[in-house]
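Chemist: Quick one: the structure is below, and I'll ask about it shortly.
The values are calculated or read from the model by the stated rules, or taken from the named source; none is laboratory data. Since this is a predicted model, take the numbers as computed values, not measurements. Please note: Cβ atoms are built from the backbone with ideal geometry, for glycine as well, and neighbour counts cover all protein chains shown.
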Amino acid sequence: MLANDPFWFKDAVFYEVPVRSFFDSNGDGYGDFRGLTQKLDYIRDLGVDCIWVQPMYPSPLLDDGYDIAGFTEIHPDLGTVNDFRLFMDAAHARGLKVIADLVMNHTSDQHPWFQEARRNPNSPKRDYYVWSDDPAKYSGTRIIFLDTEPSNWTFDPVAGQYFWHRFFYHQPDLNFDNPEVWREMFDIARFWLNLGLDGFRCDAVPYLYEREGTNCENLPETHGFLRALRKMVDSEYPGKIMLAEANQWPEEVIEYFGTVEQPEFHMGFHFPVMPRLYMGLRREDRSSIVDILRRTPDIHESTQWATFLRNHDELTLEMVTLEERHYMWDEYAPNPRMRSNLGIRRRLAPLLDNDRGRIELLNALMLSLPGSPCIYYGDEIGMGDNIWLRDRNGVRTPMQWTSDRNAGFSTAGQLWAPVINDPHFGFFHVNVYDQRRLSGSLLNWTRRILAVRKEHPAFGRGSMEFVLPEQKEVLGYIRRYHEDVVLAVVNLSPRFQQASLDLSPFLGATVTDLFDRSPFPDVTESAYSLTLQPHGYYWLQLSM
Ligand code: NOJ
């Protein structure tokens, strides 16, 4: 990756890290920035380019830190601003970029702004939040945390009014109609960018504004604010990036990229494609993946999708039909404890029954589809989950470094969350130390596939065209960037498939396997025939 290339994010692989769960340097049971700094070589050696650090700010931790009580400080459990600065320097020294969560939609009710606002109706902070005497306002708005929240309004007895919140009742939404809130957000962004941060994963961006008669999502006013923020970033911090968390349909998400003249985000997560990868695998049918990608409009070449298989939240099923949601719950969440809101709170390896072939297959898909992939910490070693922990904490347990006490995460007597210790996924079997030494481990496989991906700009920058053989079980596509042409083919079924592909546009091309450089037959006038192993995949280079 060229450090000075403003489009570095297009080739990058991201790695999502909750600092609290990664490595504890001082034995207090909480991961911290010094611990994360000690593990930077591990992250670099994995072959990722950019770390996404989850909320690191003071917080009562009722929403894993997305409930912020101080925007320009570091949570004392995680260290100090100076520790953060040292971490940034150490990451940059290794050629790693770092982005962090910027949560603009809401604060914790413990934030001093809210504390002042609720106590004093005349305080300028009162208008930082959205108040009403009438909880019937904005009734066209859905509730996101369906499991716990009966309404988007909560009555605050101190203020004597209702306040608006799209998430938990203890997370009041900020009022973006107030120019002071704009100013605060700009200054918060500046604070972290001045410390060297390379950009932000912007949380919950569709919900910034409220307007009667709408669903209060993706409003023009919201885009107006976001474009202004981008303008500030571009003019004051050129090269820094903004990644949107907008869990919406492709038609809506593309609005978050803005236009060439008025850009908004550099990157946006592609939420709808994610559950369809799991669906395609289970149904042994490529059609839902093909359909959603066909439904995804082209985006400008200065922007990029972010793809992922899992993250710190439930595997969201907001962007599927009702029938598809029930299918996913039935197939992937048979125990009700596995469900959460409209999703599934499980990790990648347990979702796929720890089946190595299927874990590789979904990774090979994610890593070759358009977009920059984002890997969730621990999935590179096949970590498990604990569905008995509250909320989504079951997928946020301490990283498993060794088979020693506390998985080598900490020397404390008590950890902030228990390590996974079950017979299949416990740290005794699943840990970095062992997987480093076993050449066939998932960790070493992940390193190899990331290294192969890095050699081919077609993955990050290329166009995509489907090459679909007769069998619905087989999905093929060409990724092409100038001379770099890669054919990716995956077999979604647990049976051998003999596929015939139409590669006529590449007549005469030589074909080489990207993993072991072994030669395949050249492309001739006949259909190109490939035998795929059960859940097998190919990445083949086509050279003219
Ligand atoms: C999106 C975050 O990904 C999620 O973890 C959080 O609960 C909500 N925003 C609300 O803060």
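Chemist: Out of all the residues in segment 505-540, which are touching a residue at least 40 places away in the same chain (Cβ under 8 Å) and either closer than 17 Å to V485 by Cα or not hydrophobic (A, V, I, L, M, F, W, C) (or both)?
Modeler: Once the filter is applied, which keeps residues that are touching a residue at least 40 places away in the same chain (Cβ under 8 Å) and either closer than 17 Å to V485 by Cα or not hydrophobic (A, V, I, L, M, F, W, C) (or both), segment 505-540 yields L514, F515, Q533, P534, H535, G536, Y537, Y538, W539, L540.
Chemist: Among the residues in segment 335-345, are any out of contact with any Ser or Thr (no Cβ under 7 Å at 6 or more places or on another chain), over 24 Å from E16 (Cβ atoms) and not aliphatic (A, V, I, L, M)?
Modeler: Yes.
Chemist: Go through H111, H106 for me and flag whichever is under 21 Å from the mean Cα position of the chain (by Cα), under 27 Å from L208 (Cα atoms), within 14 Å of the ligand (Cβ to nearest atom) and surrounded by 24 or more Cβ atoms within 10 Å (Cβ to Cβ).
Modeler: H106
Chemist: Here is a list of conditions, (1) more than 26 Å from S340 (Cβ to Cβ); (2) small (G, A, S); (3) without any contact (Cβ under 8 Å) to a residue 60 or more places away in the chain; (4) surrounded by fewer than 21 Cβ atoms within 10 Å (Cβ to Cβ), and G95 meets all of them except one; can you say which number that is?
Modeler: Looking at each condition in turn, G95 falls short on (3).
Chemist: Checking L281 against (1) farther than 22 Å from R461 by Cα; (2) hydrophobic (A, V, I, L, M, F, W, C); (3) surrounded by fewer than 22 Cβ atoms within 10 Å (Cβ to Cβ), which test does it fail?
Modeler: Condition not satisfied by L281: (3).
Chemist: Give all pairs with beta carbons closer than 9 Å in which a residue from segment 60-72 that is surrounded by fewer than 16 Cβ atoms within 10 Å (Cβ to Cβ) meets a residue that is assigned to a loop (DSSP other than H, G, I, E, B) and among the aliphatic types (A, V, I, L, M); count only pairs at least 6 apart in sequence or on separate chains.
Modeler: Sorted first by the residue in segment 60-72, then by its partner, the pairs are P60/A69.
Chemist: Please find, among M104, M88, the residue that is in contact with a Gly (Cβ under 7 Å, 6 or more places away or on another chain) and touching a residue at least 60 places away in the same chain (Cβ under 8 Å).
Modeler: Testing whether each residue is in contact with a Gly (Cβ under 7 Å, 6 or more places away or on another chain) and touching a residue at least 60 places away in the same chain (Cβ under 8 Å) leaves just M88.
Chemist: Let me ask another. Taking the residues in segment 235-264 that are surrounded by fewer than 20 Cβ atoms within 10 Å (Cβ to Cβ) and of a type in the set (D, E) as candidates, determine which candidate is nearest to the ligand (Cβ to nearest atom).
Modeler: This residue is E252.
Chemist: Go through segment 93-103 and give me each residue that's within 16 Å of the ligand (Cβ to nearest atom) and over 13 Å from F71 (Cα atoms).
Modeler: I99
Chemist: Given R479, R448, R461, which one is under 27 Å from V48 (Cβ atoms), of a type in the set (D, E, K, R), in contact with a Ser or Thr (Cβ under 8 Å, 6 or more places away or on another chain) and in contact (Cβ under 8 Å) with a residue 12 or more places away in the chain?
Modeler: R479
Chemist: Kindly evaluate A458 against the criterion of being surrounded by 20 or more Cβ atoms within 10 Å (Cβ to Cβ), small (G, A, S), assigned to a helix (DSSP H, G or I) and more than 22 Å from the chain's Cα centre (by Cα).
Modeler: No; evaluated as a whole, the condition is false for this residue.
Chemist: Moving on to the next point. With the condition being touching a Pro at 6+ places or on another chain (Cβ under 8 Å), I'd like the strands (runs of 3 or more DSSP E) fully within segment 463-544 carrying at least 3 qualifying residues. Show your work before the answer.
Modeler: Values: elements: 463-466, 474-481, 484-491, 497-501, 510-513, 528-532, 537-543.
Passing ranges, in order: 474-481, 497-501, 510-513.
Chemist: So, one more: State all residues of segment 14-45 that are over 19 Å from M88 (Cβ atoms) and either surrounded by 20 or more Cβ atoms within 10 Å (Cβ to Cβ) or touching a helix residue (DSSP H, G or I) at 6+ places or on another chain (Cβ under 6 Å) (or both); if no residue qualifies, say none.
Modeler: S21, D24, Y30
Chemist: Out of D32, D49, D63, D28, report the one residue that is within 16 Å of the ligand (Cβ to nearest atom) and either at pLDDT 95 or above or within 23 Å of the chain's Cα centre (by Cα) (or both).
Modeler: D63
Chemist: Another question about this same structure. Given the structure, is F200 touching a strand residue (DSSP E or B) at 6+ places or on another chain (Cβ under 7 Å), in contact (Cβ under 8 Å) with a residue 60 or more places away in the chain, closer than 30 Å to N4 by Cβ and hydrophobic (A, V, I, L, M, F, W, C)?
Modeler: yes
Chemist: In the list E149, E116, which residue meets the criterion of being at pLDDT 95 or above and within 16 Å of the ligand (Cβ to nearest atom)?
Modeler: E149
Chemist: A follow-up question, please. Only one of A228, A246, A189 is of a type in the set (A, V, I, L, M, F, W, C) and under 25 Å from I74 (Cβ atoms). Can you tell me which?
Modeler: A189
Chemist: Looking at segment 212-224 only, could you name the residues that are touching a residue at least 12 places away in the same chain (Cβ under 8 Å) and surrounded by fewer than 22 Cβ atoms within 10 Å (Cβ to Cβ)?
Modeler: E212, G213, T214, N215, E217, N218, E221, H223 - these are the residues of segment 212-224 that are touching a residue at least 12 places away in the same chain (Cβ under 8 Å) and surrounded by fewer than 22 Cβ atoms within 10 Å (Cβ to Cβ).
Chemist: Same structure again: Please go through segment 170-182 and give me each residue that is without any contact (Cβ under 8 Å) to a residue 60 or more places away in the chain and more than 15 Å from L102 (Cβ to Cβ), ordered by number.
Modeler: Matches in segment 170-182: N175, D177, N178, P179, E180.
Chemist: Scan segment 442-458 for residues that are closer than 29 Å to Q400 by Cβ and out of contact with any Gly (no Cβ under 9 Å at 6 or more places or on another chain) and jot them down. Lay out the reasoning, then the answer.
Modeler: Step one: of segment 442-458, the residues closer than 29 Å to Q400 by Cβ are 442-454.
Across segment 442-458, the qualifying residues are N444, W445, V452.
Chemist: Might you let me know whether segment 215-238 holds any residue that is closer than 19 Å to E318 by Cα, in contact with a Cys (Cβ under 9 Å, 6 or more places away or on another chain) and not small (G, A, S)?
Modeler: Taking every residue of segment 215-238 in turn, none turns out to be closer than 19 Å to E318 by Cα, in contact with a Cys (Cβ under 9 Å, 6 or more places away or on another chain) and not small (G, A, S).
Chemist: Can you spot a residue in segment 236-244 that is under 14 Å from A189 (Cβ atoms), assigned to a loop (DSSP other than H, G, I, E, B) and either at pLDDT below 95 or of a type in the set (K, R) (or both)?
Modeler: Yes, that holds for at least one residue.
Chemist: Given the options N341, N354, name the one that is touching a His at 6+ places or on another chain (Cβ under 8 Å) and at positive phi.
Modeler: Working: N341 fails: touching a His at 6+ places or on another chain (Cβ under 8 Å).
None of the other options fit; the residue is N354.
One line per residue, one yes/no per condition, for (1) surrounded by 15 or more Cβ atoms within 10 Å (Cβ to Cβ); (2) within 23 Å of the chain's Cα centre (by Cα); (3) over 25 Å from V53 (Cα atoms); (4) among the hydroxyl-bearing types (S, T, Y):
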{"site": "D391", "(1), (2), (3), (4)": "yes, yes, no, no"}
{"site": "G394", "(1), (2), (3), (4)": "yes, yes, no, no"}
{"site": "P398", "(1), (2), (3), (4)": "yes, yes, no, no"}
{"site": "T402", "(1), (2), (3), (4)": "yes, no, no, yes"}
{"site": "L415", "(1), (2), (3), (4)": "yes, no, no, no"}
{"site": "D422", "(1), (2), (3), (4)": "no, no, yes, no"}
{"site": "L438", "(1), (2), (3), (4)": "no, no, yes, no"}
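Chemist: Something else now. Among all residue pairs at least 6 apart or on different chains, which show Cβ distances below 7 Å where the first residue, located in segment 129-146, is of a type in the set (S, T, Y) and the second is away from the ligand (no atom under 16 Å from the Cβ)?
Modeler: Pairs that qualify, where the first residue is of a type in the set (S, T, Y) and the partner is away from the ligand (no atom under 16 Å from the Cβ), are Y129/A117; Y129/N175; S132/W153; S132/Q161; S132/Y162; Y138/E210; Y138/E212; T141/N215.
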